[in-house]
Amino acid sequence: MGTKTVDETGVKTDEHKTDEAAEATEASESIEVTKAAEAPEAAETDTPEDADTATAEDTDEDTDEDTDGTEGTEAAPTGVGQGAGAVVSAGLGIVSLTGSWVGTVASARESLMGQLQTSSSSDVGTLIEKGYGNAWQATAMWGGIFALVALIVGVVVLARPAFGAPGRPQAPWIKSVAWAGVALGVIGLLLAVLKYTDVLLGLPATG
């Protein structure tokens with residue numbers, strides 16, 4: 001009778017304790033299984049977001065790089081001015097050798113002024129010097145001016161890359177034409193000096 005009374009009043013026996021421990025163990029295992037099942041879902045949920053973020057950052061970097069490359073290409077010099085300068089130098093060099101309308105007009109003017117300054121009583125030497133010598137010197141002077149300008153322009157074109165964008169080579173045809181202008185300028189300037197000083201094709205002797 002004493003044992004039943006203890007059981008009925010709520011005192012736990014060994015069997016009750018064993019059952020409660022088993023239930024607690026099952027509950028713990030259920031919680032762990034639930035957490036293990038939720039962990040992969042959380043990982044799968046985070047992975048696309050991280051991938052999208054990385055893709056967006058890579059896209060922004062690629063866009064910035066493309067933009068910078070485009071701006072650098074547009075800002076780079078095209079060499080049009082250097083090419084034009086080389087052609088002008090060569091053209092002026094040719095004009096210095098073949099003559100120009102400016103030199104022709106200057107020569108005719110000097111010849112006319114020489115005729116006005118002389119008379120029929122002047123000696124032959126004076127007539128040749130005033131009528132032809134001054135005119136030839138005027139032609140030589142203007143030829144020398146064109147040759148000097150051609151030389152200066154050619155040298156400026158050849159030296160321009162040293163003061164421009166580093167690492168950008170000058171086009172070969174620009175160098176060739178500029179060197180041609182420099183060479184023609186030197187030749188034209190030399191001939192003009194020789195003609196002006198009567199070393200080359202001087203006036204004929206009258207005595």
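The values are calculated or read from the model by the stated rules, or taken from the named source; none is laboratory data. Given the structure is predicted, the values throughout are model-derived calculations rather than measurements. Here the Cβ positions follow ideal geometry from the backbone for every residue, glycine too, while neighbour counts run over all protein chains shown. Protein only, heavy atoms only, side chains kept; ligands, DNA and RNA dropped before computing areas. Shrake-Rupley method; radii C 1.70, N 1.55, O 1.52, S 1.80 Å.
What the table below lists for this structure:
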quantity: Sole exception among (1) in contact with a helix residue (DSSP H, G or I) (Cβ under 6 Å, 6 or more places away or on another chain); (2) touching a residue at least 60 places away in the same chain (Cβ under 8 Å); (3) within 20 Å of V102 (Cα to Cα) for F146, by number; calculated: (2)
quantity: Y132, sole failed condition from (1) under 21 Å from L184 (Cβ atoms); (2) in contact (Cβ under 8 Å) with a residue 40 or more places away in the chain; calculated: (1)
quantity: Residue within segment 161-170 that is open to solvent by 40 Å² or more (accessible area, probe 1.4 Å) and either of a type in the set (S, T, N, Q) or under 24 Å from I94 (Cα atoms) (or both) present; calculated: no
quantity: Residue, modelled with the highest pLDDT, within segment 154-178, restricted to residues that are more than 10 Å from Q82 (Cβ to Cβ) and not in a helix (DSSP H, G or I); calculated: P169
quantity: Members of segment 105-130 found to be farther than 19 Å from T197 by Cα and not aliphatic (A, V, I, L, M), listed by number; calculated: R109, Q115, Q117, T118, S119, S120, S121, S122, D123
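Each row is one residue, and each column tells you yes or no for (1) buried (at least 16 other Cβ atoms within 10 Å of the Cβ); (2) among the hydrophobic types (A, V, I, L, M, F, W, C); (3) more than 39 Å from the chain's Cα centre (by Cα).
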position: G99; (1), (2), (3): no, no, no
position: A106; (1), (2), (3): yes, yes, yes
position: R109; (1), (2), (3): no, no, yes
position: M113; (1), (2), (3): no, yes, yes
position: L127; (1), (2), (3): yes, yes, yes
position: K130; (1), (2), (3): yes, no, yes
position: Q137; (1), (2), (3): yes, no, yes
position: G143; (1), (2), (3): yes, no, no
position: F146; (1), (2), (3): yes, yes, no
